[in-house]
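Please read the structure below before turning to the comments.
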Amino acid sequence: RHSGSLRDHHRMREAVDIAAWLRELGLERYVQAFQDNEVDAHSLPHLTAEDFKEMGVTAIGHRRLLLQAIADLQGSGASAVEPASEQITSGEGGNDAAERPSEAERRQLTVLFCDLVGSTALSARLDPEDMGHVIGIYQKCCTEVVERWGGHLARYLGDGALAYFGFPQAHEDDAERAVRAGLELVAAVARLETRDGAPFAARVGIATGLVMVGELIGEGAAKEQTVVGETPNLAARLQALATPGSVVISQATRRLVGAFFELADLGAQRFKGFGGPVRAWRVEGAGRAEGRFEALRGRHLIPLVGREEELQLLLARWRRAAEGEGQVVLLSGEPGIGKSRIVQALREHLAGQPYTPLSHYCSPYHTASALYPVIGLLERAAGFTRDDRPEARLEKLEALLAQGTEQLAETVPLIGDVLGVAAGERYPSPNLSPQRKAQRTLEVLVQQVEGLASRQPVLALYEDVHWIDPTTLAALGLLIERVQRLRVLVLITFRPEFDAPWSGHAHVTQLSLARLTRRHGATIVTRLAGGKAVPEEILAEIVARADGIPLFVEELTKAVLESGLLQDTGDHYELAGPLPPLAI
């Protein structure tokens with residue numbers, strides 16, 4: 001066995017290019033980590049899940065994928081010609097890595113089920129080869145859309161496609177990603193055509209819930225990781241409820257996507273296999289929420305807790321800016337720590353003062369879309385609607401830009417080009433090179449802020465700048481260079497991974513939000529409970545599990561209050577039964 005291991009190691013050293021191997025697995029993001037830790041083909045078979053964790057492979061799905069791929073290399077000797085005569089073991093009497101049992105885990109998962117409408121009629125009309133072509137282009141479309149939104153195409157079931165959002169890769173916004181993928185899917189499938197010109201249509205059902213995921217079943221090429229729970233079944237039922245070209249979501253998904261989408265309530269539905277009625281919603285399109293915080297948290301917020309010093313600092317910088325000494329504040333903190341909440345509190349304090357808010361919201365889905373946050377601001381400020389005629393849009397744009405400048409002849413065609421508004425013969429396009437036109441557009445955007453600040457103080461907010469696109473970043477840098485002589489406070493929020501390049505300026509203040517204390521966490525719980533005391537064991541569990549992250553405190557408290565675990569006795573809550581483990 002030992003000599004067989006040496007032969008396998010020799011073959012792997014000859015055949016395995018680590019970087020190419022990672023690219024084949026779709027894990028090229030870890031090439032640098034492997035190089036930094038001097039992992040080569042010789043040491044590769046000895047790596048464990050703990051080793052990968054230390055190297056920065058935080059996703060459980062990625063660690064399992066790497067372990068399985070290493071086991072596959074060991075089983076084949078990394079050679080397509082000569083199979084390995086013996087398997088590499090993990091120690092005396094140990095088992096091959098491929099034989100290690102897969103551990104199922106409890107995960108929150110958003111499941112998308114897409115169905116090709118009318119496939120039975122198509123198969124009756126088309127010959128098998130043409131039908132195969134139809135299914136092929138449909139499946140290719142599904143794969144491309146799901147993967148673009150960070151989902152995992154689990155399997156095809158005839159003309160149906162089953163996709164997971166939240167496994168093996170989990171994101172903070174998997175429900176939102178699934179709904180955006182569903183909308184894109186029905187639109188993309190509608191653009192497809194058969195060889196005889198017949199149109200396509202798809203319908204999508206999406207559900208979110210707790211499942212057990214990861215157990216391996218089947219053999220050989222049919223081996224796959226199962227998802228056990230009612231969520232996939234609910235997604236399939238919702239798909240059957242959907243009309244062609246529509247997306248229907250469950251109540252749990254609807255709660256997670258907040259106001260990101262316009263929804264139509266389909267009421268309580270009864271599905272076979274489900275004990276009670278199930279609420280369903282049809283997605284009508286994108287919502288009108290101004291930013292992510294408003295979309296997910298709404299406007300009904302509890303008073304700010306534990307951020308009095310930070311808020312006073314922001315108000316002090318605002319007063320200096322309002323007096324003509326422009327200021328910049330870099331507000332950083334981890335997800336859920338309360339960056340957007342303290343911004344909201346600042347705006348509440350300024351509600352009685354005359355000022356102009358300019359709110360820019362960066363998006364994780366538009367990091368490559370030039371000036372995406374600026375376009376969103378201008379469209380909201382101008383009051384554009386989906387039904388506006390081109391002439392109406394031009395008039396609205398003229399009225400908006402006139403608030404900041406008198407030079408409309410240059411400003412309107414440049415900004416109109418950014419917004420896709422045709423300026424027409426009234427405003428001929430300036431004769432500039434592409435590079436000069438791009439630079440001049442950024443300068444005009446800053447001049448708009450200067451013009452507005454000459455009328456009254458301006459609060460220029462840039463939220464989630466860790467997702468900023470390069471062009472908006474350049475425009476922001478230009479504004480920061482000029483803001484010191486303006487009545488402007490530039491407030492920039494971002495997560496710690498973003499390296500803000502402006503910290504060296506004298507008019508720039510850095511403010512990092514720390515986690516809340518236990519006392520502050522307990523205050524949030526009490527306020528969400530309407531001032532009523534909750535059992536000490538519940539309070540201790542919530543505060544410990546949330547670990548000082550205010551968003552987690554709120555979500556856990558709401559989950560407990562909605563679970564039926566507590567009884568309202570009038571002035572306090574009591575446990576209605578044994579305390580189960582709480583999970584975020």
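The values are calculated or read from the model by the stated rules, or taken from the named source; none is laboratory data. Note that this is a predicted model, so its numbers are computed, not measured. Cβ atoms come from the backbone with ideal geometry, glycine included; neighbour counts cover every protein chain shown. The area values use the complete protein model at the heavy-atom level, side chains included, leaving out ligands, DNA and RNA. Shrake-Rupley method; radii C 1.70, N 1.55, O 1.52, S 1.80 Å.
Hey, among VAL525, VAL508, VAL560, which residue is under 16 Å from VAL328 (Cα atoms) and within 30 Å of the chain's Cα centre (by Cα)?
On the way: VAL525 fails: under 16 Å from VAL328 (Cα atoms); VAL560 fails: under 16 Å from VAL328 (Cα atoms).
VAL508 is the lone residue from the list that is under 16 Å from VAL328 (Cα atoms) and within 30 Å of the chain's Cα centre (by Cα).
Report, by residue number, each residue of region 555-575 that is at negative phi and not in a strand (DSSP E or B). Walk me through how you get there before you give the answer.
Initial filter on region 555-575 (at negative phi): 555-563, 565-569, 571-575.
Correct list: GLU555, LEU556, THR557, LYS558, ALA559, VAL560, LEU561, GLU562, SER563, LEU565, THR569, ASP571.
Highlighted here are the helices (runs of 4 or more DSSP H) found entirely within region 14-56 that include at least 3 residues which are at negative phi, among the aliphatic types (A, V, I, L, M) and open to solvent by less than 60 Å² (accessible area, probe 1.4 Å): 18-24. Among the residues of region 356-381, those identified as buried (at least 20 other Cβ atoms within 10 Å of the Cβ) and either assigned to a loop (DSSP other than H, G, I, E, B) or touching a Lys or Arg at 6+ places or on another chain (Cβ under 6 Å) (or both) are CYS362, LEU371.
Determine whether ARG155 is surrounded by fewer than 16 Cβ atoms within 10 Å (Cβ to Cβ), within 26 Å of the chain's Cα centre (by Cα) and modelled with pLDDT under 90. Step through it out loud before you land on a result.
On the way: surrounded by fewer than 16 Cβ atoms within 10 Å (Cβ to Cβ): yes; within 26 Å of the chain's Cα centre (by Cα): yes; modelled with pLDDT under 90: yes.
Yes; evaluated as a whole, the condition is true for this residue.
Candidates LEU304, LEU346: the one that is without any contact (Cβ under 8 Å) to a residue 60 or more places away in the chain and within 25 Å of THR517 (Cβ to Cβ) is LEU304.
Does GLY521 fit the bill of being at positive phi and open to solvent by less than 60 Å² (accessible area, probe 1.4 Å)? Before you say what the answer is, go through the steps one by one.
Numbers: at positive phi: no; open to solvent by less than 60 Å² (accessible area, probe 1.4 Å): yes.
Taking the combined requirement at face value, the residue does not satisfy it.
The conditions of being open to solvent by 30 Å² or more (accessible area, probe 1.4 Å), modelled with pLDDT of 85 or more, assigned to a helix (DSSP H, G or I) and out of contact with any Ser or Thr (no Cβ under 8 Å at 6 or more places or on another chain) are not met by GLU284. Being surrounded by 19 or more Cβ atoms within 10 Å (Cβ to Cβ) and part of a loop (DSSP other than H, G, I, E, B): is that true of GLY306 here? Yes; evaluated as a whole, the condition is true for this residue. Restricting attention to region 502-509, does a residue exist that is over 30 Å from LEU452 (Cβ atoms), buried (at least 17 other Cβ atoms within 10 Å of the Cβ) and touching a helix residue (DSSP H, G or I) at 6+ places or on another chain (Cβ under 8 Å)? Among the residues of region 502-509, not one is over 30 Å from LEU452 (Cβ atoms), buried (at least 17 other Cβ atoms within 10 Å of the Cβ) and touching a helix residue (DSSP H, G or I) at 6+ places or on another chain (Cβ under 8 Å), which makes the answer no.
Which of the residues belonging to region 254-279 are of a type in the set (A, V, I, L, M) and closer than 29 Å to GLY336 by Cβ?
Narrowing region 254-279 to residues of a type in the set (A, V, I, L, M): 256-257, 259, 263-264, 266, 268, 278.
The answer is LEU256, VAL257, ALA259, LEU263.
With the requirement that a residue be open to solvent by less than 40 Å² (accessible area, probe 1.4 Å) and either touching a Gly at 6+ places or on another chain (Cβ under 9 Å) or assigned to a helix (DSSP H, G or I) (or both), what does region 264-281 give you?
Just the residues of region 264-281 that are open to solvent by less than 40 Å² (accessible area, probe 1.4 Å), to begin with: 264, 267, 271, 274, 276, 278, 280-281.
Residue satisfying the conditions is ALA280 alone.
Quick one: would you say GLY136 is over 20 Å from the mean Cα position of the chain (by Cα), modelled with pLDDT of 85 or more and surrounded by 16 or more Cβ atoms within 10 Å (Cβ to Cβ)? Talk me through it step by step, then tell me what you get.
On the way: over 20 Å from the mean Cα position of the chain (by Cα): yes; modelled with pLDDT of 85 or more: yes; surrounded by 16 or more Cβ atoms within 10 Å (Cβ to Cβ): no.
Answer is no for this residue.
Condition check for GLU294 on (1) open to solvent by 60 Å² or more (accessible area, probe 1.4 Å); (2) within 19 Å of VAL553 (Cα to Cα); (3) under 22 Å from the mean Cα position of the chain (by Cα): one failure, at (1).
Return a yes/no flag: does region 539-549 have any residue that is part of a loop (DSSP other than H, G, I, E, B) and either under 26 Å from CYS362 (Cα atoms) or not acidic (Asp, Glu) (or both). Yes, some residue in region 539-549 is part of a loop (DSSP other than H, G, I, E, B) and either under 26 Å from CYS362 (Cα atoms) or not acidic (Asp, Glu) (or both). Within region 423-478, the set of residues being in contact with a Ser or Thr (Cβ under 9 Å, 6 or more places away or on another chain), farther than 24 Å from GLN353 by Cβ, touching a residue at least 24 places away in the same chain (Cβ under 8 Å) and among the charged types (D, E, K, R) comprises ASP464, ASP469.
Tell me yes or no: at least one residue of region 134-150 is part of a loop (DSSP other than H, G, I, E, B), at negative phi and of a type in the set (Phe, Trp, Tyr). Break it down stepwise before answering.
So in region 134-150, the residues part of a loop (DSSP other than H, G, I, E, B) come out as 149-150.
Applying the additional criterion that residues be at negative phi yields 149.
Those left that are additionally of a type in the set (Phe, Trp, Tyr): 149.
Within region 134-150, one or more residues are part of a loop (DSSP other than H, G, I, E, B), at negative phi and of a type in the set (Phe, Trp, Tyr).
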